[in-house]
Structure formats: C-alpha cells, structure tokens
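No value in this document is a laboratory result; all are computed from the given coordinates. Quantities reported herein were computed from a predicted structural model and do not represent experimental measurements. We place every Cβ from the backbone using ideal geometry, glycine too, and count neighbours over all the protein chains shown.
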Amino acid sequence: MNNEKKKLIDLLKAEEVIKFGKFTLASGKESDYYVNMKMAITNPEILKQVAKIVANQIIDDKIDKIAGPALGAVPIATSISLESSIPMLMIRKAKKGYGTAELIEGELVEGDSVVVVEDVTTTGGSLIKAIKAIKDNGGIVKKAIVVVDRAEGAVENLKKEGITLEPLISIEEFQ
C-alpha cells in the first residue's frame, strides 16, 4: 500500500467513518455497518488527500471534466477540480422543475472526456445513473472513481455497463 493511500485510510479511521449497528443502505440492502462518508467529505484534510490521489491517478488520462452526483460526490469533485484545474460537473438526482431545468450543472460539451467520482458505492446504482446522464448528454465517461467501495457488486455492475470503477479504498482495507 502506498503512503498516500495509507494516509487516507488513517484519516478516515480518525473520523470514524464506519459505524456498526443495523442500517438500511441507499441500495435498500440491510447492513451491519455504515460508511458515513458525509462526515469525511466535510473534512478539508480528507478532501485534500482524496483530491491529491485522484489528480495523480488521472494526470495522463486527458480528462476534460470531473463529475460528481449530488450530494456526496460534489465536494469530492470540487476538491479534485481545484487540485487538477479540470472543470467540474454536478449531476442532479432529478431535473429541477424551475430555472433551466438541467440535470447536469456545469458545461458539458459533446465529446468531453469525463471521470465520474463518488464517495461510497455498494451496488453502483447512483453512479450508473450519473454515467447514463453524462452519456445521454454527449459526454464520454472514461472511468469512475470511488473513495470507498463496500465490495458488494459495484465494480462488477459498472463493468457490465462498460465502465471501469477504480476504488481508492475497499472496505476490507479498513479491517
């Protein structure tokens, strides 16, 4: 394990992002633990560390935009955008019923190469929705990156969609 990844794991452990008990996840599944990334993504040190790792990971990928689905991935996409100087996109869960009624906020130009980021994945459902929104609006999704993968099918489900999911950390690495 490299030093940057170890530092991220240590920061996440210090924030106690894993909670134990009985939880219902966004996917609807029941779990004995919850990865509380909302606490983590409000911590500037963690955001800086995630941004540093991801910016280094994508430096040679010729990426035009960093995209994050609302709500959890927006601070992550913002921090990566600041670190890499690559513009960002925010993907809404649904079109708003007022103003411009856009699903994607930010400028997505047809043919833009996009990396989609997420805070935590279980099955990858919210990532797949965000990826489809980008593709439907002319973007080319190069890959997806998640801070913590719960290792419950997201990598495989995104692979079925033709997208590589690169977790920074898998849940097993917290043990």
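Normalising the average separation of contacting C-alpha pairs (under 8 angstrom, six or more residues apart) by the number of residues puts the relative contact order of the chain at 17 percent. Placing unit charges on the Cβ atoms only, positive for Lys and Arg and negative for Asp and Glu, gives the range 40-175 a dipole magnitude near 380 debye about its Cα centre. Dipole of the chain computed with +1 at Lys/Arg Cβ and -1 at Asp/Glu Cβ about the Cα centre; of Ile169, Leu103, Val120, farthest Cα towards the positive end is Leu103.
Each of Ile145, Ala70, Val50 was placed along the dipole of the chain (beta-carbon charges, centred on the mean Cα), and the one lying farthest toward the positive end is Ala70. The antiparallel fraction among DSSP beta bridges confined to the chain stands at about 25%.
Computed over the alpha-carbon pairs of the range 46-144, the distance histogram in 5 Å steps reads 2, 15, 27, 25, 20, 8, 2, 0 percent, short to long. Compared with the dominant principal axis of the Cα atoms in the chain, helix 3-14 is inclined by about 70°.
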